[in-house]
1. Please count how many residues of segment 31-66 are under 14 Å from Pro88 (Cβ atoms) and either in contact with a helix residue (DSSP H, G or I) (Cβ under 9 Å, 6 or more places away or on another chain) or among the small types (Gly, Ala, Ser) (or both).
2. Do you know which of the residues in segment 1-60 that are of a type in the set (Ser, Thr, Tyr) and assigned to a helix (DSSP H, G or I) is surrounded by the most Cβ atoms within 10 Å (Cβ to Cβ)?
3. Return the only residue of Ala80, Ala94, Ala67 being within 17 Å of the chain's Cα centre (by Cα), of a type in the set (A, V, I, L, M, F, W, C) and surrounded by fewer than 14 Cβ atoms within 10 Å (Cβ to Cβ).
4. Quick test for you: out of Gly71, Gly96, Gly52, Gly42, pick the one residue that is modelled with pLDDT of 95 or more and at positive phi.
5. Cβ-Cβ under 6 Å, sequence separation 6+ or interchain: first residue in segment 33-47 and in contact (Cβ under 8 Å) with a residue 60 or more places away in the chain, partner buried (at least 18 other Cβ atoms within 10 Å of the Cβ) and not charged (D, E, K, R). Which pairs?
6. Do the conditions hold for Ile103, that is, is it in contact with a Leu (Cβ under 8 Å, 6 or more places away or on another chain), within 25 Å of Asn3 (Cβ to Cβ) and of a type in the set (Val, Ile, Thr)?
7. Name the residues in segment 51-91 that are hydrophobic (A, V, I, L, M, F, W, C) and in contact with a strand residue (DSSP E or B) (Cβ under 9 Å, 6 or more places away or on another chain), would you?
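The values are calculated or read from the model by the stated rules, or taken from the named source; none is laboratory data. Here the structure is a predicted model, which means the values were calculated and not measured. Don't worry about glycine lacking a Cβ; one is built from the backbone with ideal geometry, like all the others, and counts go over all protein chains shown.
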Amino acid sequence: MENYMKKAIFRDLLIFALALIVAVLFWENNLLLTFLILSIYGIREYFWSEKGDNIVFVSGVIIGCSAEFIGTYLGVWTYAAPFFFNIPLWLPFAWGLVSVIIIRVSRPFVGE
């Protein structure tokens, strides 16, 4: 694996860690955490965007939200600070960010 790819994987894992840290620290403040998650994604996209990232992001938001809506509606799980449809406002955007990171981190290992 090329050194550039190793750095890109490491960078995306750091971005994931940052998103996780802000989620743990600010989960009770839906608006602030939503702003922070979107800011993390926006900064990542501004500096390290790749073709298809926004499509993956939107797909992650839609698919992740669908699973969350169904799970919370059926009572499989609940959230301590829901905002709409029994989920936190920031959660769909976290799904989108994590979807992009999963694709970006796994891509070098599948030969693309």
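1. Residues of segment 31-66 that are under 14 Å from Pro88 (Cβ atoms), as a first pass: 31-38, 61, 64-65.
Add one more test, that the residue is either in contact with a helix residue (DSSP H, G or I) (Cβ under 9 Å, 6 or more places away or on another chain) or among the small types (Gly, Ala, Ser) (or both), and what stays is 32-34, 36-38, 61, 64-65.
Matching residues across segment 31-66 total 9.
2. First pass over segment 1-60, keeping only residues of a type in the set (Ser, Thr, Tyr): 4, 34, 39, 41, 46, 49, 59.
Now drop any that are not assigned to a helix (DSSP H, G or I), which leaves 4, 34, 39, 41, 46, 59.
Values: Tyr4: 9, Thr34: 19, Ser39: 11, Tyr41: 21, Tyr46: 8, Ser59: 16.
Filtering first and then ranking leaves Tyr41.
3. Exactly one of Ala80, Ala94, Ala67 is within 17 Å of the chain's Cα centre (by Cα), of a type in the set (A, V, I, L, M, F, W, C) and surrounded by fewer than 14 Cβ atoms within 10 Å (Cβ to Cβ), namely Ala67.
4. Working: Gly71 fails: at positive phi; Gly96 fails: at positive phi; Gly42 fails: at positive phi.
When all the criteria are applied, what remains is Gly52.
5. Ile37/Trp90; Ile37/Phe93; Ile37/Ala94
6. Details: in contact with a Leu (Cβ under 8 Å, 6 or more places away or on another chain): no; within 25 Å of Asn3 (Cβ to Cβ): yes; of a type in the set (Val, Ile, Thr): yes.
Against the criterion (in contact with a Leu (Cβ under 8 Å, 6 or more places away or on another chain), within 25 Å of Asn3 (Cβ to Cβ) and of a type in the set (Val, Ile, Thr)), Ile103 does not qualify.
7. Filtering segment 51-91 down to residues hydrophobic (A, V, I, L, M, F, W, C) leaves 55-58, 61-63, 65, 67, 69-70, 74, 76-77, 80-81, 83-85, 87, 89-91.
Cys65, Phe69 - these are the residues of segment 51-91 that are hydrophobic (A, V, I, L, M, F, W, C) and in contact with a strand residue (DSSP E or B) (Cβ under 9 Å, 6 or more places away or on another chain).
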